[in-house]
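What follows is a short report on a single structure.
The values are calculated or read from the model by the stated rules, or taken from the named source; none is laboratory data. Note that the structure is a prediction, hence the values are computed from the model and not measured. Note that each Cβ is placed from the backbone with ideal geometry, even for glycine, and that neighbours are counted across all protein chains shown.
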Amino acid sequence: MKNLFSNIKGDAFGGITAGIVALPLALAFGVSSGLGPAAGLYGAIFISFFAAMFGGTNTQISGPTAPMTAVSMVVIAGIIAANDGDVQKALPAILTVFLLAGLMQIGLGLIGLGKYIRYIPYPVVSGFMTAIGVIIIITQISPSVGYDAKEDAEYVNRFKPQAEELILENILKEEAGEGILVLEDFRETVTRANRITQEDILRESKTLAAKEASGVVGTLRVLPRSLKSINWLELILSLGTIIIIFGFKRITTKIPSTLVALVVMSGIAVGFGLDYRPIEEIPTGLPIPNLEIITGFSFANITPYIFTALALALLGAIDSLLTSVVADNMTKTKHKPNKELIGQGIGNSIASIFGGIPGAGATIRTVVNINAGGKTKLSGMIAGLMLLVIVLGLGPIASKIPAAVLAGILVTVGISVMDYKGLKAIPSLPRDIKFNILPFKLSSEVLIMLVVLILSTFWNLVNAVGIGLVIASLVFMKRIGDLTAERSNVKSLKEEPWADEVGLTNSLQEEVFIKHIKGPLFFGSTSDFQQLAQKIPNSASTIVFRMDRMQYIDQSGLYTLEDILVDLKKEGKNVLFVDVQKQPKYMMERIDIIPDLISKECMFDDFKSCLKWIKEHKDS
């Protein structure tokens, strides 16, 4: 507690500054998520406060971030669509998924996974971050030009037949749930169908239209329509916001350019009484917990989103710990990764209960906090309280912010979040893989990055990262396998004799085949080892495996060795082991390679004793 208040002035200024920077981003991420600006603010308030209180990085400022919002947006859209486009009806299930993600983060911290996050390959992270930027930029095209698919009457009318079909399908599901047999009581179906009004059909049509126009693919699908119906006022507000954000940074970085753009453009829109589209109204008063998460809990509703919740938890962990590393470099301190995950999980769990979207450690806000004087956890807690004060006192004013201004802010976030360092490195990375169908080589690093980038942008963020990790793992295993095979000489039939082998006579050299294994025998090198065994000369009656440099063997290597020994024994050859190390010997004893295939008398501590055995049994 003493350390918490050791830097009150610096922490207060850092927290207030970070809170001000977080305000426009929280609003923008809330709108982008689909739950509205209040959800972004509530997420920023509770995650910032509790992640700072319980986390393992003293100067970290947490809240909604671009990657977390991008994944959350997919979850929210899917659950809303499954609930007939009714946000309030879908909200408990949405928040339950977010709560689950928070609890999973706590679990990841408790089992000590934090220290392993750093092993995620850079190309996967690079492709993902660039995809996040592309997704945000593309999905903000429609809001920036003032186009809303739900308000496009011609576009909505296309979905009326599908809406009627869906409504009828829901009626049949209701009757099935109530035990009504439709064919026996068809009148009930007709009665219920007659209650459906044109307003119901229109509402369902708008939901389907909005779903069809959502995401990157949906935005590109309706792009011709949105460009034909540009609202020039909305476009000017959006472009003005972008210009101020990038332009004001050239003047000074002491005042957040995002906040300047928000105040200036909103002031112009409100001051001149312009006919713009405002954001949703922000509720006044203290946030109220959504108890329907508990009272209306249904495992069936969240089962399809279990892996998405896990992806949110892992993504939040990566996002937060990367920011923690930045904070460490700036403050010359060392964060506690597992404690940080627990803090982030607590923050996300509490935020979900109060209707907030999930978040993570935010790099820009953390840097602002440190530069403004923040040094302890108190700065992050003050940032959360600062946002709470804004909600309590300025909610009605914030509700007048133009939606196009927040779209402009998000466009700049999308531009900033892309990994330009990774993109610039593409031409210079070594081209190390070749496909038979292509006349040129490709860089495996670039391939992984592009696969993650393209799949994340046009398909699914979670699946793209999983596929990227699988490809990266396969490439890594191939490289390590090749390197191990090369260094351990499992590929080479002929090799330089060691010093204690120089004294072999010519006759013994023809009858004895000696193989040095210089490194681990594992799944990456077993194929080469098998091929080598097939090339052992027929003239060799005794095979010597020198294993003093083979410190490790895995299950694949173990069974490959067993198969080779069985084949050699069938050919009537003597097989001798020299200086078998502790781990390989233990593994061989477990499956009875020792002593069933290699007896104790065929194992030697050094080559000198092995050579003596060979000479003694030469003519036997």
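Some observations on this one:
- Residue within region 553-572 that is of a type in the set (A, V, I, L, M, F, W, C), assigned by TED's automatic domain parsing to the domain that holds Gln509 and not in a helix (DSSP H, G or I) present: yes
- For region 285-308, a residue qualifies if it is exposed (fewer than 13 other Cβ atoms within 10 Å of the Cβ) and of a type in the set (S, T, N, Q), and the qualifying residues are Thr295, Ser298, Thr303.
- Test result for Ala90, of a type outside the set (S, T, N, Q) and under 21 Å from His335 (Cα atoms): no
- None of Gly34, Gly56 is at positive phi, surrounded by fewer than 24 Cβ atoms within 10 Å (Cβ to Cβ) and either among the aromatic types (Phe, Trp, Tyr) or within 23 Å of the chain's Cα centre (by Cα) (or both) except Gly34.
- Yes/no for Pro161 being modelled with pLDDT of 90 or more and closer than 26 Å to Val217 by Cα: yes
- Within region 99-137, the only residue that satisfies the criterion of being surrounded by fewer than 23 Cβ atoms within 10 Å (Cβ to Cβ), of a type in the set (Val, Ile, Thr) and in contact with a Pro (Cβ under 8 Å, 6 or more places away or on another chain) is Ile117.
- Residues of region 322-345 satisfying the condition of being within 20 Å of the chain's Cα centre (by Cα), surrounded by fewer than 23 Cβ atoms within 10 Å (Cβ to Cβ) and of a type in the set (A, V, I, L, M, F, W, C): Leu322, Val325, Val326, Ile342
- Residue ID - farthest from Met68 (Cα to Cα), chosen from residues in region 434-471 that are of a type in the set (Val, Ile, Thr) and exposed (fewer than 15 other Cβ atoms within 10 Å of the Cβ): Ile437
- Residue satisfying all of: in region 521-553; touching a residue at least 60 places away in the same chain (Cβ under 8 Å) and within 45 Å of the chain's Cα centre (by Cα); surrounded by the fewest Cβ atoms within 10 Å (Cβ to Cβ) among these: Arg549
- Of the residues making up region 1-19, just one is buried (at least 20 other Cβ atoms within 10 Å of the Cβ) and either outside the structural domain of Thr57 (by TED's automatic domain parsing) or touching a Pro at 6+ places or on another chain (Cβ under 9 Å) (or both), namely Thr17.
- Residue-level analysis places Gly102 among those that are outside the structural domain of Phe458 (by TED's automatic domain parsing), touching a helix residue (DSSP H, G or I) at 6+ places or on another chain (Cβ under 7 Å), of a type in the set (Gly, Ala, Ser) and in contact (Cβ under 8 Å) with a residue 40 or more places away in the chain.
- Annotation for region 291-313: no member residue is assigned by TED's automatic domain parsing to the domain that holds Val391 and touching a strand residue (DSSP E or B) at 6+ places or on another chain (Cβ under 8 Å).
- Hey, Ile141 over 24 Å from Thr65 (Cα atoms) and not assigned by TED's automatic domain parsing to the domain that holds Val31 or not: no
- Looking at region 1-82, the helices (runs of 4 or more DSSP H) lying wholly inside it that each contain 1 or more residues that are of a type outside the set (D, E, K, R), closer than 20 Å to Val134 by Cα and touching a residue at least 60 places away in the same chain (Cβ under 8 Å) sit at 8-33, 66-82.
- Subset of region 365-376 [more than 26 Å from the chain's Cα centre (by Cα) and assigned to a helix (DSSP H, G or I)]: Ile370, Asn371
- Hits in region 370-387 - residues which are surrounded by fewer than 22 Cβ atoms within 10 Å (Cβ to Cβ) and within 18 Å of Glu281 (Cβ to Cβ): none
- The set of residues in region 554-568 that are under 16 Å from Leu597 (Cα atoms) and surrounded by fewer than 21 Cβ atoms within 10 Å (Cβ to Cβ) comprises Leu558, Tyr559, Glu562, Asp563, Val566, Asp567, Leu568.
- Region 151-174: number of residues that are in contact with a Lys or Arg (Cβ under 8 Å, 6 or more places away or on another chain), buried (at least 17 other Cβ atoms within 10 Å of the Cβ) and assigned to a helix (DSSP H, G or I): 3
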